[in-house]
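Asks: A single structure is presented below for examination.
What follows draws every value from the coordinates through simple rules; no lab data is involved. Keep in mind that this is a model prediction, so the values were computed, not measured. For neighbour counting, all protein chains shown are included, and Cβ atoms are generated from backbone atoms with ideal geometry for every residue, glycine included.
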Amino acid sequence: MVSASSCDSVAPSLRAAQPCLWTSPHHPAEAPAATAAVVDAAAMHAAAARFERFAPLLAELFPELQASGGQLTAPLVPAHALGAALGLGPGQGALWVQCDHLLPVAGSIKARGGIHEVLEHAETRALERGLIAPGGDYRPLATPAARAVLRRYQVAVGSTGNLGLSIGVMAAALGFRAVVHMSADAKDWKKERLRLRGVEVVEHAGDYEQAVAAGRALAQQDPMCHFVDDERSLSLLQGYSAAAPALARSLAAAGITVDATHPLFVYLPCGVGGAPAGIAWGLRQVLGPYVHCFFAEPVQAPCFLVQMLAAPGTHPSVRDWGLTNQTEADGLAVPRASLLAAELMRPLLAGVYTVQDETLFQHLALAHDVAGLRIEPSAAAGFSGPGMLTGTPQGRAWLRTQGLDAHLPRATHIAWTTGGLFVPESEYARFLHRGRAQPPAASA
Ligand SMILES: *Cc1c(COP(=O)(O)O)cnc(C)c1O
């Protein structure tokens, strides 16, 4: 009943490709911590431990990881001035940015899920073939002999770009044959970067869904091929969830409290839904019901919102709502959500909002000019979150019904910037120019 009425309220905007905020009828405090058995706390900690086991090897394979000892980490930084520029008033909490746009090797949030899945696959194969011993040193995997063994296996993936970058670069670095199926909307520089690393790039005329389907079909015919399935993979979700204990450490180090009177709002750009779902799920485990996650999607590609509004057992596409799936936010250009991610999130998600491409560019420029952050358009989707929550009637109504408005002055807002490190200078200059051409709208 409740969800039907909240569907009615966003439906006209959704259909008209206008920005909107949908809030979940579920109260997160009522949701059981572990709603689905697909990932559990043990899996989250296992992923974190796997990254630790591989760290010495990764430090050897990637010069850029030497300083961190092979850790794939990105900082949580304060962004109060940017918060004010985005319309967050003095009594409405503080804005912070989780800078996954700086994640090394992949240059995006895909470093968490995508790289985890490649490492898990490498570990399984290498243990099977006796290249490493359980609990032992993984650095022998860098030797030519070990790489020659892994060379017989293929790792494949279908991607709009960033997942392909993370999987392709890591798989090739470990010696695997790597094949990335790219959709037509994937950026040329991403294809170039992969080819330079020895990754085979297969271009598909259609969109993301078709690239994934084609890659999946080809991989099924080859027993030596592991296909990383963005729509169904547990290993990806598990890798993303490992961001949660890391964020909890960053929050503690920054002296940020998260409890009943200090709510945390997290704004996560959403494509197929795996990355934000893995992270949101992990945060619920680690920080309890005081963290409220909102997913951010382009107005023309709101697949997760469409799935949240859908009748049980159905799997609609954004095209069913008359939308095009066309957006400059290539990391978010996905017509149909992951059902795995959607089911995991249904009881836990606070809400979903949509953003116009022009706003993405304006916020990309603002993030650069006010906070010195260099991000890609997809990664700017989180920055509409504070305005959507505190500056719209829907957002304020939700805060009231959740009893959160009284705690807003002590709230923390985290915009998760999901990519950008490897965007070429010329491309980035074009983004900035486009974002500066129009001043940001007053709110949202
Ligand atoms: C992939 C990606 C996302 C979203 O991840 P999904 O798992 O597809 O939801 C967000 N931002 C960027 C930059 C990405 O590459």
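Asks: Starting from 0.36 nm per residue, how many nanometres of slack lie between ARG15 and ARG436 once their C-alpha separation is accounted for?
Replies: 148.7 nm
Asks: How high is the FRET efficiency from GLU343 to LEU127, r the C-beta distance, R0 30 Å, rounded to 0.05?
Replies: So, using R0 = 30 Å, E works out to roughly 0.45.
Asks: Something else now. Relative contact order of the stretch 110-232, please, whole-number percent, based on alpha carbon pairs below 8 angstrom and at least 6 residues apart.
Replies: Reported relative contact order: 25 percent.
Asks: Further, regarding this structure: In the chain, what % of DSSP beta bridges are antiparallel (nearest 5)?
Replies: Approximately 20 percent, going by the DSSP bridge assignments.
Asks: Please give the helix 243-253 orientation as an angle from the longest Cα principal axis of the chain, in degrees from 0 to 90, rounded to the nearest 10.
Replies: Its long axis makes an angle of about 60 degrees.
Asks: Determine ³J(HN,Hα), in whole Hz, for all residues of the stretch 316-322 in sequence, where each value follows from phi through the Karplus function 6.51 cos²θ - 1.76 cosθ + 1.60 and θ = phi - 60°; x replaces Gly and Pro.
Replies: 3J(HN,Hα) across the stretch 316-322, in whole Hz: x, 9, 4, 5, 5, 9, x.
Asks: Please get the size of the charge dipole for the stretch 110-232, origin at its Cα centre, with Cβ charges of +1 on Lys and Arg and -1 on Asp and Glu, quoted in debye to the nearest 20.
Replies: The calculated dipole for the stretch 110-232 is roughly 540 debye.
Asks: Among THR124, THR327, THR390, which one moves the most in a GNM of the chain with springs linking Cα atoms closer than 10 Å?
Replies: Ranking THR124, THR327, THR390 by mean-square fluctuation puts THR124 first.
Asks: Over the stretch 263-385, calculate the relative contact order: mean separation of alpha carbon pairs under 8 Å at least 6 apart, over the residue count, as a percent.
Replies: 33
Asks: Compute the helix-to-body angle for 41-61: its Cα long axis versus the longest principal axis of the chain, expressed 0 to 90° and rounded to tens.
Replies: With both axes taken from Cα atoms, the answer is about 50 degrees.
Asks: Tabulate in residue order the Karplus-calculated ³J(HN,Hα) for the stretch 190-196, using 6.51 cos²θ - 1.76 cosθ + 1.60 with θ = phi - 60°, rounded to whole Hz; enter x for Gly and Pro.
Replies: Values per residue, Gly and Pro as x: 5, 5, 4, 4, 5, 4, 4 Hz.
Asks: Next question, about the same structure. Just to confirm the number: angle between the C-alpha axis of helix 2-15 and the first principal axis of the chain, 0 to 90 degrees, nearest 10?
Replies: For helix 2-15, the angle is close to 80 degrees.
Asks: For the chain, modelled as a GNM with alpha-carbon contacts under 10 angstrom, which of GLY91, GLY113, GLY282 fluctuates the most?
Replies: With Cα springs under 10 Å in the chain, the top fluctuation among GLY91, GLY113, GLY282 is at GLY91.
Asks: I'd like the Karplus ³J(HN,Hα) series for the stretch 160-175: coefficients 6.51, -1.76, 1.60, θ = phi - 60°, whole numbers in Hz, and an x wherever there's a Gly or Pro.
Replies: Once θ is set to phi - 60°, the couplings for the stretch 160-175 become 7, x, 5, 5, x, 4, 5, 5, x, 5, 6, 4, 5, 5, 8, x Hz.
Asks: As a test of the formula, what do you get for the chain when each DSSP H run with n ≥ 4 contributes -39,500 (n - 2.57) and the sum is divided by the residue count, at 222 nm and rounded to the nearest 500 deg cm²/dmol?
Replies: -13000 deg cm²/dmol
Asks: Something else now. Using the charge dipole of the chain (Lys, Arg: +1 at Cβ; Asp, Glu: -1 at Cβ; taken about the Cα centre), state which of LEU141, GLY351, MET388 has its Cα farthest towards the positive end.
Replies: LEU141
Asks: Follow-up. Mind checking which of VAL77, VAL169, VAL118 has the largest fluctuation in a GNM of the chain, springs on alpha carbons under 10 Å?
Replies: Result for the chain, Cα springs under 10 Å: VAL77 fluctuates most.
Asks: Dipole of the chain (Lys/Arg Cβ +1, Asp/Glu Cβ -1, origin at the Cα centre): which of ALA254, LEU408, PRO19 lies farthest to the positive side?
Replies: ALA254
Asks: Treating the beta-carbon of each Lys and Arg as +1 and of each Asp and Glu as -1, no other charges, what is the dipole magnitude of the chain about its Cα centre, to the nearest 20 debye?
Replies: 460
Asks: Can you tell me the relative contact order of the stretch 29-182? Whole percent, Cα pairs under 8 Å, sequence separation 6 or more.
Replies: 19
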